[in-house]
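Q: Quick one: this structure, given as structure tokens, is what I'll be asking you about.
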């Protein structure tokens, strides 16, 4: 079992990063919705959008409802290092609140 933090950037403009999830390269595209003060993520593989508009919330496997699609086999969840179960916002994402991936179901 491998668990690691995904190196997200603490900035509210749209940004994308590539990451290896269970041996497959995915692009994660992040967008901040200022009206809701929430982060959303799109999952892209081989330049094809697999899932769009995943709301980043704590205490939930973000991929579980998308298993019928070509998503990574592991678990992706929001992790608050302070133990407060905070959702990512415009100040804490990438600082105290991270995305964490566990490659084992």
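Q: Tell me yes or no: at least one residue of segment 40-53 is at pLDDT below 95, on the phi < 0 side of the Ramachandran plot and not in a loop (DSSP other than H, G, I, E, B).
A: Restricting attention to segment 40-53, the residues satisfying the condition of being at pLDDT below 95 are none.
For segment 40-53, residues at pLDDT below 95, on the phi < 0 side of the Ramachandran plot and not in a loop (DSSP other than H, G, I, E, B): absent.
Q: Which ones in segment 32-54 are closer than 24 Å to residue 90 by Cα and surrounded by 14 or more Cβ atoms within 10 Å (Cβ to Cβ)? It would help to see each step written out before you state the result.
A: Going through segment 32-54, the residues closer than 24 Å to residue 90 by Cα turn out to be 32-44, 51-54.
Within segment 32-54, 32, 38, 39, 40, 41, 42, 43, 44, 51, 54 qualify.
Q: Name the residues in segment 21-31 that are surrounded by 13 or more Cβ atoms within 10 Å (Cβ to Cβ), over 12 Å from the mean Cα position of the chain (by Cα) and at negative phi, would you?
A: First, the residues of segment 21-31 that are surrounded by 13 or more Cβ atoms within 10 Å (Cβ to Cβ): 21-22, 24, 26-31.
Those left that are additionally over 12 Å from the mean Cα position of the chain (by Cα): 22, 24.
Of everything in segment 21-31, just one residue is surrounded by 13 or more Cβ atoms within 10 Å (Cβ to Cβ), over 12 Å from the mean Cα position of the chain (by Cα) and at negative phi, namely 24.
Q: Given the structure, is residue 55 over 20 Å from residue 3 (Cα atoms) and free of Cβ contacts under 8 Å to residues at least 60 places away in the same chain?
A: Values: over 20 Å from residue 3 (Cα atoms): yes; free of Cβ contacts under 8 Å to residues at least 60 places away in the same chain: yes.
Against the criterion (over 20 Å from residue 3 (Cα atoms) and free of Cβ contacts under 8 Å to residues at least 60 places away in the same chain), residue 55 qualifies.
Q: List every residue pair whose Cβ atoms lie under 6 Å apart, where the two residues are 6 or more positions apart in sequence or sit on different chains, the first residue falls within segment 7-28 and is at pLDDT below 90, and the second residue, located anywhere, is in a strand (DSSP E or B) and surrounded by 13 or more Cβ atoms within 10 Å (Cβ to Cβ).
A: Here the result reads 9/15; 10/93; 12/32; 14/31, each pair linking segment 7-28 to a residue that is in a strand (DSSP E or B) and surrounded by 13 or more Cβ atoms within 10 Å (Cβ to Cβ).
Q: Between 56, 99, which is modelled with pLDDT of 95 or more and closer than 18 Å to residue 25 by Cβ? Steps first, answer last, please.
A: On the way: 56 fails: closer than 18 Å to residue 25 by Cβ.
Among 56, 99, only 99 is modelled with pLDDT of 95 or more and closer than 18 Å to residue 25 by Cβ.
The values are calculated or read from the model by the stated rules, or taken from the named source; none is laboratory data. Just so it is clear, the model here is predicted, and its values are computed rather than measured. Here the Cβ is made from the backbone with ideal geometry for all residues, glycine too, and neighbour counts use every protein chain on show.
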